[in-house]
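So the structure is just underneath, and the comments pick up after that.
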């Protein structure tokens with residue numbers, strides 16, 4: 001919304017500024033030193049404000065400078081120009097920019113100060129016009145009309161800006177609550193899935209291996225129990241394989257991992273990007289799947305606990321040698337060492353999952369944000 005307001009202000013101000021500049025250049029032959037100074041004080045900050053609005057950077061600062069500079073120049077106008085030189089009916093170029101001064105305040109100042117500007121600028125404008133007309137009786141009616149129009153228009157401009165900003169803030173707030181609710185539901189579903197999967201493995205593999213070991217009589221039975229125990233440990237190290245979610249071990253390109261990460265962001269409604277670096281290579285399918293699932297969990301954690309603030313993902317491939325995925329956010333952070341053993345989201349879904357495919361996972365977190373680095377290298 002701020003970007004839209006700045007662009008609209010830039011277009012309107014450019015039109016009015018061009019009119020004022022043409023009017024000012026039309027009187028260049030009559031300008032003395034104070035008049036030239038007034039032109040510089042007004043048009044230089046105006047040009048800087050227009051460039052800032054179009055670039056989308058430094059808008060508040062540039063707009064604030066112009067709003068103050070214009071008000072000062074307008075208040076000093078009776079000193080700059082002798083009213084008798086132009087007569088009461090003349091329309092000086094500085095009057096064309098009255099509403100531009102108000103919209104500049106809308107971009108730069110808090111709401112209360114915006115309304116002060118919306119009232120103050122027309123008051124100064126009306127006073128200057130009366131001075132220009134030497135307070136003649138017939139000039140009061142015209143000045144009152146111009147003052148009323150300028151005041152009403154300024155208040156309408158400030159009110160519209162406040163309304164648009166309020167609507168945008170409401171939309172952002174509703175979207176944030178929706179994303180947080182979705183993330184909480186997704187995290188709960190993932191935790192339940194992990195619990196069910198772990199329970200199934202404990203029953204189907206570990207418990208069966210223990211029973212076989214207990215009943216083993218003879219070398220063949222003991223060898224069978226050892227084999228079952230090894231299988232149980234392998235399945236525990238790679239939980240996802242128990243429910244056939246790891247897929248085959250066919251090589252997967254780094255580009256496909258980037259596609260999956262972008263799909264994860266889209267599914268969770270996160271407005272972030274996945275930056276792709278390095279060379280394109282192939283890694284085993286199971287390692288790729290584990291890396292994507294661990295990254296999904298890290299993204300889900302960022303959305304749930306940091307509302308996705310500053311979320312940025314970098315996937316850096318190293319040809320066929322491996323890949324590194326870095327997930328960074330600017331949330332409040334947490335104490336990694338304080339994570340309980342029962343928190344599957346960190347220990348099972350990220351750390352254990354990467355360890356299960358001979359990968360690496362490191363988590364660093366402090367007040368400035370959290371960084372999760374997932375890696376896999378060909379041994």
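Some points to look at:
- If R0 equals 35 Å, the separation of the Cβ atoms of residue 335 and residue 358 corresponds to a calculated FRET efficiency of about 0.80.
- Label-point separation in nm, residue 79 to residue 91, each point 7 Å along Cα→Cβ: 2.8 nm
- Distance (nanometres) between label positions extended 7 Å along Cα→Cβ at residue 145 and residue 25: 3.1 nm
- Percentage of interatomic Cα-Cα distances in the stretch 2-172 larger than 22 Å: 43 percent
- Contour minus Cα-Cα distance for residue 277 and residue 316 (0.36 nm per residue): 13.6 nm
- Cα centroid separation - the stretch 129-185 against the stretch 25-61, whole Å: 23 Å
- Scoring 110-119, 315-324, 301-310 by mean Cβ neighbours within 10 Å over their residues and listing the highest first yields 301-310, 315-324, 110-119.
- Counted residue by residue at 0.36 nm each, then reduced by the alpha carbon distance between them, the extension gain from residue 51 to residue 180 reaches 42.7 nm.
- Taking the fewest neighbouring Cβ atoms within 10 Å as the starting point, the ordered list for 360, 150 is 360, 150.
- Overall dimensions of the stretch 246-377 by Cα: Rg and Dmax, Å: 13.9, 41
- Gain upon complete extension [residue 72, residue 367; 0.36 nm per residue less C-alpha separation]: 101.8 nm
The numbers here are math on the coordinates, done by the rules we state, and not lab data. Note that the structure is predicted; figures quoted are calculated from it, not measured. Heads up, the Cβs are rebuilt from the backbone with ideal geometry, glycines too, and the neighbour counts pull from every protein chain shown.
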